Amino acid sequence: MTTTAQPKLSATNIDEVIKAMTLEEKAQLLVGGGNDSFTGSGAMLGHQERLVAGAAGITVENKRLGIPATVLTDGPAGVHIDATRKNDSQTYYATGFPVGTCLACSWNTELVEAVGKAIGNETLEYGCDVILGPGLNIHRNPLCGRNFEYYSEDPFVTGKIGVAMTRGIQSQGVGVSAKHYAVNSQESNRTIVDERVSQRALREIYLRGFEYVVRESNPWTLMSAYNSVNGKYAQGNKDLLTSVLRDDWGFRGIVMTDWITKREGQGLFTIDEVEAGNDLLTPGFPAQAEDIVNGVKSGKLDIKYVDQNVRRMLEYIVKTPRFRNYQFSNKPDLKAHALITRQSSTEGMVLLKNAGVLPIKNLKTVALFGVNSYDFLAGGLGSGAVNVPYSVDMVTGLKNIGVSTTPQLTEIYQNYVKFANAKLKADKNPMMWFLDTGRPKLDEIDITARCVQHEVKEADAAIITIGRQAGEGLDREIEGEFNLSAAEKAMISRVSDAFRPAGKPVIVIINSGSVIETASWRDRVDAILCAWQPGEEGGNSVADVLTGKANPSGKLTMTWPIAATDHPSTKNFPQEMDNYTFREMIGWGAQIPGRDYTNHEEDIYVGYRYFDTFQKEVAYPFGFGLSYTTFQFSKPAVKAKGKDAVEVSITVKNTGSTSGKEVAQVYVQAPKGRLEKPAQELKAFAKTRELQPGESQTLSMTIPVRELASFDEAHSQWLTEAGTYTFRIGSSSRDIHATANIKLNEYTEKVSNVLAPKTKLNLLKQ
Ligand code: BGC
């Protein structure tokens with residue numbers, strides 16, 4: 001097909017432009033311009049020059065029709081681009097914000113929206129059009145290597161934090177790519193694994209967070225996951241990408257694939273993907289554009305799918321800063337954003353234990369143990385890493401508030417960290433980009449009991465940082481990653497044995513993006529602060545919390561189990577990867593569909609839904625987090641609001657002597673009915689402002705009756721059964737302060753009957 005018409009793209013002539021496009025031009029618009037992030041192959045493929053060095057990908061320009069290229073950058077904890085460029089003295093560092101877990105644990109949607117604004121602004125000012133985040137996958141198991149990028153084991157928290165993030169980012173005139181749609185809750189075999197899940201668990205747990213984000217914040221783009229869902233790759237899964245996403249939820253943006261496209265033998269699944277409604281194939285291989293052209297010519301691919309996706313691509317492009325010809329500065333206000341990240345990291349930290357030692361007043365000198373005290377991990381590894389200008393470590397954070405660290409110990413560790421990091425850099429293996437992108441965890445060093453003893457005299461307190469690193473492509477192991485290593489256990493014992501008898505407190509800081517084991521060692525220490533991977537201002541935030549400059553108000557958005565294996569998903573979570581080569585594991589090289597699968601036998605019983613329903617002991621429950629003050633909850637008022645919603649209000653009073661914030665969490669217990677229900681489910685939450693001692697605030701939350709529904713597979717509908725519902729309001733799933741009942745009528749809502757598993761699953765039941 002040839003055409004001579006040459007309209008220039010505008011927001012009002014999309015039809016005309018589509019008419020003027022050749023088949024080849026259409027195909028090219030649906031296939032990205034290659035990968036720019038780790039090999040610079042965007043340039044290699046010859047589509048166009050690198051627009052932003054280190055960005056993950058681009059869409060291809062069409063000069064003839066006035067269609068600019070647009071730039072896609074990772075995501076999600078800040079803008080991931082190269083910090084330095086060849087023959088350029090300017091630097092392009094981006095602010096390192098807290099990882100997903102940390103941000104979500106703030107339970108503060110306003111704050112998350114402010115972080116989103118700052119991230120969106122850096123996306124814009126660094127010349128990018130879309131940032132590849134937020135990550136909305138569910139923490140199905142604590143061993144997933146990318147949990148740090150995700151928010152929670154609970155879809156409501158995931159959704160509400162995701163909505164806030166999306167609104168913040170998109171307020172800057174750039175887009176998000178909510179990812180990885182869907183059920184990408186493990187990294188092992190991520191590109192070949194078939195996630196086998198009941199329709200109910202899909203709708204209630206794995207898709208729900210995406211549903212909130214789509215319905216409430218209109219994301220410009222969504223990224224389909226690598227894995228397959230019930231026998232069909234997410235990237236080519238029409239049920240997922242069209243029936244659920246567009247027909248049921250009304251999604252209006254574009255879907256892009258995750259960064260590799262499936263190959264069957266040597267062929268691609270291009271036709272499937274285009275038909276499924278995957279508008280953009282990223283990073284993009286020339287062969288995919290050929291597939292589209294050949295598919296249409298041979299009659300295997302209906303042009304209507306191509307045209308439909310092209311239209312959506314153009315609708316996306318006309319919204320972008322590139323299309324508006326926005327003159328980006330390459331100079332976002334990193335100083336202003338540092339203040340925002342600091343505030344959010346402080347609020348996302350969770351105080352897990354405090355045997356009366358915190359906040360420490362009059363702290364002068366601290367003995368700092370653990371390599372991560374000196375090499376504080378701002379974020380995780382892989383595409384989710386950010387090239388940060390700095391990461392405030394514990395030494396600096398303490399120093400900034402006038403607290404010094406013991407000189408000898410500091411010198412030993414600092415020398416080691418310098419040496420070990422230099423060695424790591426020298427040993428860098430380019431094939432391991434996903435592990436090398438970001439800061440790996442260094443091995444602990446053995447500080448002898450004698451050396452520890454020497455520190456006792458010099459310090460007022462001991463702080464031990466336990467660091468963990470994780471990232472894309474690999475899940476975590478139980479030994480040494482979830483559990484403490486032998487060296488770490490020895491360090492805790494030695495420090496505890498020396499400091500506690502001298503009446504000097506031992507405090508542990510957890511510098512990890514994901515959950516670790518605490519039950520076996522927590523009695524040996526006086527306080528535990530989970531600082532997560534809090535972004536570049538971490539050390540400052542920790543110092544603020546330890547000394548009481550800030551009162552901790554973070555609450556866990558995931559259960560901390562006693563053992564990693566306590567989660568019912570353990571049975572079906574891969575832990576032995578011996579049969580796979582490393583390249584297969586990370587998703588490169590040969591991929592053989594159908595070679596691996598994961599049965600979600602725990603079904604809807606993910607996280608607290610399991611632990612609370614089956615009454616299992618945990619180390620720290622969902623929603624848990626200590627404060628330096630105390631709060632009292634009034635009797636709640638629960639009443640109907642119109643015919644489709646319930647309004648819950650409760651007054652929270654600060655009854656202690658320090659100002660602070662509290663989160664009211666509303667768990668709902670359903671009446672006995674036709675569908676089995678978890679013991680309770682979180683259906684609303686609200687955080688107070690900073691309340692002064694004696695001050696109260698009334699929090700009102702509206703819960704649509706639809707929110708209380710479960711998925712009724714038999715009728716392919718959302719169903720809220722009629723009966724009396726109990727609203728349980730508390731400070732964690734296991735610390736309920738007040739309850740109230742309300743009688744509700746039945747509510748139903750039909751949706752597409754799709755995505756049923758193809759094999760029988762042996763589902764967990766009460
Ligand atoms: C990751 C995505 C990321 C993309 C681009 C993929 O391997 O799974 O999360 O956005 O790479 O870097």
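The values are calculated or read from the model by the stated rules, or taken from the named source; none is laboratory data. Predicted, not measured: the structure shown is a model, and the values here were computed from it. As a convention, Cβ positions derive from the backbone with ideal geometry for all residues, glycine included, and neighbour counts pool all protein chains shown. Heads up: the accessible areas ignore ligands, DNA and RNA and are worked out on the full protein's heavy atoms, side chains in. Shrake-Rupley method; radii C 1.70, N 1.55, O 1.52, S 1.80 Å.
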**Complete:** Of the candidates Asn572, Ala550, Phe482, the farthest towards the positive dipole end of the range 455-587 (Lys/Arg Cβ +1, Asp/Glu Cβ -1, centred on the Cα centre) is Ala550
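Based on the Cβ-Cβ distance from Gln632 to Glu315, what FRET efficiency comes out when R0 is 45 Å, to the nearest 0.05? The partial results should precede the final answer.
On the way: r = 51 Å, r/R0 = 1.14.
Here the calculated transfer efficiency is 0.30.
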**Asked** In nm, to one decimal, how far is the Ala738 label point from the Arg85 one, both placed 7 Å along Cα→Cβ?
**Response** 5.6
**Prompt:** What FRET efficiency, computed as 1/(1 + (r/R0)^6) with R0 = 45 Å and r the Cβ-Cβ distance, is obtained for Glu110 and Ser298, rounded to the nearest 0.05?
**Reply:** 0.25
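When the convex hull of the C-alpha atoms of the range 442-543 is computed, what volume per residue in Å³ does it have?
Working: hull volume 10.9 nm³, N = 102.
Normalising the Cα hull of the range 442-543 by residue number yields 107 Å³.
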**Prompt:** By average Cβ neighbour count within 10 Å, what is the ranking of 212-224, 471-483, 372-384 from highest down?
**Reply:** 372-384, 212-224, 471-483
**Prompt:** Considering only protein heavy atoms, what is the solvent-accessible area of Lys63 at a probe of 1.4 Å, reported in Å² to the nearest 10?
**Reply:** 150
**Asked** What lysines sit close enough to Lys86 to cross-link, taking a C-alpha to C-alpha distance under 23 Å and skipping anything fewer than 8 places away on the same chain?
**Response** Lys331, Lys425, Lys428
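Pop out the Kirkwood hydrodynamic radius of the chain from its pairwise C-alpha distances, inverse of mean 1/r, in Å to one decimal. The partial results should precede the final answer.
Details: mean 1/r = 0.0375 Å⁻¹.
Result for the chain, one decimal place: 26.7 Å.
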**Asked** Pulled fully out, how much extra length does the chain show between Glu24 and Asp523, if you take 0.36 nm times their separation in residues and subtract their Cα-Cα distance?
**Response** 173.0 nm
**Item:** Pairwise label distance in nanometres, Ala490 with Ala563, each label 7 Å out on the Cα-Cβ vector
**Value:** 2.5
**Fill in**
Between the Cα axis of helix 303-317 and the main Cα principal axis of the chain, the angle (0 to 90°, nearest 10) is 50
**Prompt:** Quick one: what Rg and Dmax do you get for the range 326-421 from the alpha carbons, in Å?
**Reply:** 16.5, 54
**Request:** Compute the FRET efficiency between Thr448 and Glu477 as 1/(1 + (r/R0)^6), taking r as their Cβ-Cβ distance and R0 = 35 Å, and round to the nearest 0.05.
**Result:** 0.80
**Request:** Could you work out how far apart the two model spin labels at Tyr326 and Ala714 are, taking each label as a point 7 Å from the Cα in the direction of the beta carbon, and quote it in nm?
**Result:** 5.1
**Fill in**
Carbon/sulfur accessible area of the chain, % of total, 1.4 Å probe, equals 49
**Message:** Nearest 10 degrees is fine. How inclined is helix 449-458 to the longest principal axis of the chain, computing both from alpha carbons?
**Reply:** 70
**Message:** Tell me which of Ile445, Gly503, Gln469 sits at the most positive position along the dipole axis of the range 407-507, charges placed on C-beta atoms (Lys, Arg +1; Asp, Glu -1).
**Reply:** Gly503
**Message:** Using just the Cα positions, wrap the range 607-766 in a convex hull and report its mean projected area in square nanometres, one decimal place.
**Reply:** 10.9
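Per residue of the chain, what 222 nm ellipticity follows from adding -39500 (n - 2.57) for every DSSP H run with n ≥ 4, rounded to the nearest 500? Intermediate results must be reported in sequence, preceding the final value.
Details: 20 runs with 193 residues, N = 766.
Here the helix-only value at 222 nm equals -7500 deg cm²/dmol.
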**Asked** Size of the range 265-379 along its principal axes in angstrom, Cα-based, largest extent first?
**Response** 78, 41, 23
